[in-house]
Amino acid sequence: MRTQLFIDGKWVNGSKSDSFEVTDPATGQTIATVSSGEPSDAVKACDVADLAQKLWAQTAPRERAEILRRCWEVLLKHRDELAELIVSEQGKSMADAKGEVTYAAEFFRWNSEEAVRIHGSIGVSPSGANRMIVRHPPVGVVVIVTPWNFPAAMITRKLAPALAAGNAVVIKPPKETPLTALRIADLLSGAGVPAGLVNVVPTNDARAWFDAAVDHTATRMVSFTGSTEVGRSLLKRCADRVLKTVMELGGNAPFIVFDDADIDAAVVGAMTAKMRHSAETCTAANRFFVEAGVVDEFSRKLAAAMADTTIGSGFDQTVTCGPLINDTAVDHVQSLVDAAVNAGAKILVGGKRPEGPGSFYEPTVLTSVVADSPIAQTEIFGPVAPIISFTDHEAMITAANDTEMGLMAYVFTEDLSKGIAVSERLEAGMVGLNRGAVSDPAAPFGGMKQSGLGREGASEGIYEFCETQYIATGW
Ligand code: SIN
C-alpha cells in the first residue's frame, strides 16, 4: 500500500513529516496512515510538472495515445486489487468497486483514441485577405481536485484527457480516499507515463495546499469535482489568476415516472439511479415525481426493491449497498428524513441508522413528500428515495426545474416523443430517458446552472484541456 506523496516519479514524505489516518467506513477502523503534503510540496509538484509538461507537449500524439492505451490495460489488469482498495477506504460494494475500476480505465482507452484527433481548422478570412489557422495546444500544468465517492474514476476522467492533450497534472486526492489515487499513480508509472507528469500530493490541509497550487505561475487550469459550495469558493480563488476551470458540482436530479411508463423497468431504473455506488453519486435521483395513477404501484415496488438491498461491508460479496463515507454523512441523511416526516411524509421502508458499527443508513422510501421540502431541495447523498405524486404535467416540470442544480434528470414513459419533449424542457446537462445510468466516457458529462462548468468525456472533454490559438497568415 502506497502512503507517501508521489512527486517526479518518486515516493517522498511530506516536508513537515505530518500525516493523517484513513479509515474503513464499514468498521470505523484505521487502515492506513498517509503522509500529508504541505503547501511547499504542492509547489514542488507544480515545479516538476512544469518541466515535464514542456517535453510531453512535444511528443507525437500517437506516442501519447499508445502510453494511454497501456494505462487502460494496466488498470484493467489490476482491477481486483484496485477494487479492494476502493472498498476498504470508500466502502462501496465490491461489484460497484469493480465497475468503477472498469469505468476509470475506460477514460484512458477513450482518450487514447481521442489523442490523435485534436484537430484545429484552416479557413479563408471573409475578406479573402488571409488564411485563418486555428490550433489547440495544451494548457500546461493542471491542478486536479477530486472527491471521495469515486476514488479512481473521478481522477482518470480528468487525468486521461489532460495527458492526451499534452498537459502535466498535480492531483490532490480527497483525504478520505487517497490510497487508490496513490496506487493508480504507481501503476501509470509502470505503464510508461514519464516521471513528473502525474504527481499525487495528498494533504490534510486542503485550503493551504490549494492556495499554493493556484498561486504557482505554471498552473493554468483547475479541474474540480465536488460540492457546489466548495466549487464556488475554488472558482473565486481561481479568478485571482484567471485560471481556466472545469467544475463538476452538485446535483438534485428529478426522476419522473409518467403513468404510461413500464413500472417494472422504472423501478429497475430507479434502483440504479438512486443506489449505484451506495447512493453517493452527484447523478443520484434525488426527487421522484410519480404520476398519481401509478404512484402506489411504483412506491410499493420501489420499497420492496429497497428492502431487498443488503447493506454491509463491501468485502462481503452478498452486499449491494455499503456504508456512507462517515457518521457526519449519516447525520445529514437522518436530519433530512426527520424533517420530511415531521412535515407529513410517510416512511414505507427504512428511515433510520441500523444498530452496530460503521456509517450505515437503511435504504429508505418516503411517500407524500412535498416538492419544496428540504429533502427535495438538498442533495441527499444517501439511500433515501422521496416520492412526490403529480397530476399536472406543467406544474411537475416547473417543480423539477425549480432548483439551482442542473446536472441530471431521469424520465420514464413508453411514449418516446413525450419523453424527448419533456427531456428537452428539463434544465439538466444530462437526461436518462428510460435509463437509470448514463455515465459513459464517450459522452459529455456535466451540468447546467450551479451544477458546473465545462464537460468531461466525449470529444468536448479533451478540448477543455486545450487552449485555442488563431494564426492569421497570408501566403
Ligand atoms: C459523480 O457522482 O460525481 C459522478 C458519477 C458518474 O460519473 O457516474
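The values are calculated or read from the model by the stated rules, or taken from the named source; none is laboratory data. It should be emphasised that the depicted structure is a prediction, and the values quoted were computed from it without experimental measurement. In this analysis, Cβ positions are derived from the backbone assuming ideal geometry, glycine residues included, and neighbour counts consider all displayed protein chains. Just the protein is used for accessible areas: all its heavy atoms, side chains included, with ligands, DNA and RNA removed. Shrake-Rupley method; radii C 1.70, N 1.55, O 1.52, S 1.80 Å.
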Cβ-Cβ under 7 Å, sequence separation 6+ or interchain: first residue in region 275-291 and under 21 Å from Ser373 (Cβ atoms), partner away from the ligand (no atom under 13 Å from the Cβ) and of a type in the set (Asp, Glu). Which pairs? Glu291/Asp259
Restricting to region 416-433, give me the number of residues that are in contact with a helix residue (DSSP H, G or I) (Cβ under 9 Å, 6 or more places away or on another chain) and assigned to a loop (DSSP other than H, G, I, E, B). 3
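Conditions tested, residue by residue: (1) open to solvent by 60 Å² or more (accessible area, probe 1.4 Å); (2) at pLDDT 95 or above; (3) not in a helix (DSSP H, G or I).
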residue	(1), (2), (3)
Arg435	yes, yes, yes
Ser439	no, yes, yes
Ala443	no, yes, yes
Ser459	no, no, no
What do you reckon, is Arg69 among the charged types (D, E, K, R) and surrounded by fewer than 16 Cβ atoms within 10 Å (Cβ to Cβ)? no
Might you let me know whether region 311-331 holds any residue that is under 21 Å from Ile387 (Cβ atoms), open to solvent by 60 Å² or more (accessible area, probe 1.4 Å) and either without any contact (Cβ under 8 Å) to a residue 40 or more places away in the chain or not β-branched (Val, Ile, Thr) (or both)? no
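Per-residue answers, yes or no, for (1) touching a Phe, Trp or Tyr at 6+ places or on another chain (Cβ under 9 Å); (2) more than 24 Å from Ile118 (Cβ to Cβ):
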{"residue": "Gly432", "(1), (2)": "yes, yes"}
{"residue": "Ala443", "(1), (2)": "no, no"}
{"residue": "Gly447", "(1), (2)": "no, yes"}
{"residue": "Gln450", "(1), (2)": "no, yes"}
{"residue": "Glu467", "(1), (2)": "no, no"}
{"residue": "Thr473", "(1), (2)": "no, no"}
Return only the number of the condition from (1) of a type in the set (A, V, I, L, M); (2) open to solvent by less than 10 Å² (accessible area, probe 1.4 Å); (3) outside any helix (DSSP H, G or I); (4) under 17 Å from Phe390 (Cα atoms) that Met247 does not satisfy. (4)
Can you tell me how many residues within region 1-46 are of a type in the set (D, E, K, R) and without any contact (Cβ under 8 Å) to a residue 60 or more places away in the chain? 3
Mind telling me which of the residues Ser299, Ser233, Ser335, Ser278 ends up being modelled with pLDDT of 95 or more, open to solvent by 20 Å² or more (accessible area, probe 1.4 Å) and either of a type in the set (Asp, Glu) or not assigned by TED's automatic domain parsing to the domain that holds Lys92 (or both)? Ser335
Any chance region 286-296 includes a residue that's within 16 Å of the ligand (Cβ to nearest atom), of a type in the set (S, T, N, Q) and not assigned by TED's automatic domain parsing to the domain that holds Ala97? yes
Identify the residue in region 113-136 that is within 17 Å of Pro441 (Cα to Cα) and surrounded by fewer than 23 Cβ atoms within 10 Å (Cβ to Cβ) and, among all such residues, is nearest to the ligand (Cβ to nearest atom). Glu113
Selection count, region 342-377, where residues are free of Cβ contacts under 8 Å to residues at least 24 places away in the same chain and open to solvent by 40 Å² or more (accessible area, probe 1.4 Å): 7
Failed item, numbered, when Arg183 is tested on (1) surrounded by fewer than 18 Cβ atoms within 10 Å (Cβ to Cβ); (2) closer than 23 Å to Ser15 by Cα; (3) touching a Lys or Arg at 6+ places or on another chain (Cβ under 6 Å): (1)
By residue number, the members of region 215-230 that are among the small types (Gly, Ala, Ser) and crowded, with 20+ Cβ neighbours inside 10 Å are Ser223, Gly226
Does region 22-32 hold any residues that are part of a strand (DSSP E or B) and either touching a Phe, Trp or Tyr at 6+ places or on another chain (Cβ under 7 Å) or under 17 Å from Ser359 (Cα atoms) (or both), and which are they? Val22, Thr23, Thr30, Ile31
I need the full set of residues from region 389-415 which are open to solvent by 10 Å² or more (accessible area, probe 1.4 Å) and in a strand (DSSP E or B), in order please. Ser389, Phe390, Met405
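Filter region 308-356 down to residues that are among the polar types (S, T, N, Q) and either part of a helix (DSSP H, G or I) or touching a helix residue (DSSP H, G or I) at 6+ places or on another chain (Cβ under 7 Å) (or both), then give me how many there are.
Taking region 308-356 as the starting set, the residues that turn out to be among the polar types (S, T, N, Q) are 309-310, 313, 317-318, 320, 326, 328, 334-335, 342.
Next, from what is left, pick out any that are either part of a helix (DSSP H, G or I) or touching a helix residue (DSSP H, G or I) at 6+ places or on another chain (Cβ under 7 Å) (or both): 309, 317, 328, 334-335, 342.
Counting residues in region 308-356 that are among the polar types (S, T, N, Q) and either part of a helix (DSSP H, G or I) or touching a helix residue (DSSP H, G or I) at 6+ places or on another chain (Cβ under 7 Å) (or both) gives 6.
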Could you pull out every one of the strands (runs of 3 or more DSSP E) wholly within region 92-155 that has 3 or more residues that are under 18 Å from Glu464 (Cα atoms)? 141-145
Looking at region 151-163, can you tell me whether even one residue there is more than 16 Å from the ligand (Cβ to nearest atom) and open to solvent by less than 20 Å² (accessible area, probe 1.4 Å)? yes
What do you reckon, is Gly251 in contact with a Pro (Cβ under 7 Å, 6 or more places away or on another chain) and within 16 Å of the ligand (Cβ to nearest atom)? no
If Ser233 meets every condition in (1) farther than 23 Å from Ile375 by Cβ; (2) touching a residue at least 60 places away in the same chain (Cβ under 8 Å); (3) assigned to a helix (DSSP H, G or I) apart from one, which number is that one? (2)
